[in-house]
Amino acid sequence: FTYITNDVDNTAKISASTKSGSVVIPSSVTNNGIVYTVNNIARFSFYNKHGVTSFTIPASITKIERQSLLLCVYCTSITFEPNSQLTYIGSEGLKSLSSLVSFEIPSGVTYIGNEALNGAIKLTSPIIIPSGVTYLGYNAFLSALKVPSITFAPNSLLTTIPGGMCWNMQRIT
């Protein structure tokens, strides 16, 4: 992994990766004796990494930026460690993960960007929108062909259902 470090708050974000196979993102990195908490997956970090088959994301990650995991077409699963601090999934952040079968949105997520899971054509798990989500982008789940249902958690803060949210979701009942 390549990181961008922030010495003000001792955090780091993944900026690039050459990894393949099952990718386990570390929760911290050390550089020149300083420990940095990894809290962000930067734009294009795993762009077009066809060799990636799965991701394990540490609880320390708060943000998956726009197009971070775009086109990891052979990735079948994304697992978040317990007590995930994730709040933000950027636009196209998980787009075109065409082999993704299982995915659960962590309960602390408040922002799901446009086309966040667009193209997850093999995803078969139900989608549960956490109650704290205040923004859900257009076409968020476009072409998630096999998803059986979308459920909003009780006491949802979401006030607008975006255009195209369920477009081309053939198994929604």
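Quick check: is even one residue across the stretch 116-130 in contact (Cβ under 8 Å) with a residue 40 or more places away in the chain and open to solvent by less than 40 Å² (accessible area, probe 1.4 Å)? No, every residue in the stretch 116-130 fails to be in contact (Cβ under 8 Å) with a residue 40 or more places away in the chain and open to solvent by less than 40 Å² (accessible area, probe 1.4 Å).
Is at least one residue of the stretch 151-163 of a type outside the set (K, R) and either closer than 21 Å to S54 by Cβ or crowded, with 20+ Cβ neighbours inside 10 Å (or both)? Within the stretch 151-163, not a single residue is of a type outside the set (K, R) and either closer than 21 Å to S54 by Cβ or crowded, with 20+ Cβ neighbours inside 10 Å (or both).
Close contacts from the stretch 12-37, counting a first residue that is closer than 13 Å to P58 by Cα and β-branched (V, I, T) and a second that is in a loop (DSSP other than H, G, I, E, B) and open to solvent by 60 Å² or more (accessible area, probe 1.4 Å), with Cβ to Cβ under 6 Å and a gap of 6+ residues or different chains, come to I14/F1. Within the group S60, S68, which residue is more than 12 Å from the chain's Cα centre (by Cα) and assigned to a loop (DSSP other than H, G, I, E, B)? None of the others qualify; the one that does is S60. Of all residues in the stretch 11-50, those satisfying the criterion of being exposed (fewer than 13 other Cβ atoms within 10 Å of the Cβ), touching a Ser or Thr at 6+ places or on another chain (Cβ under 9 Å) and in a strand (DSSP E or B) are G21, N31, I34, V35.
The values are calculated or read from the model by the stated rules, or taken from the named source; none is laboratory data. If you're wondering where the values come from, they're calculated on a predicted model, not measured in any experiment. Quick reminder, even Gly has a Cβ in these numbers, built from the backbone with ideal geometry, and neighbours come from all protein chains shown. These accessible areas exclude ligands, DNA and RNA; they are computed on the full protein's heavy atoms, side chains included. Shrake-Rupley method; radii C 1.70, N 1.55, O 1.52, S 1.80 Å.
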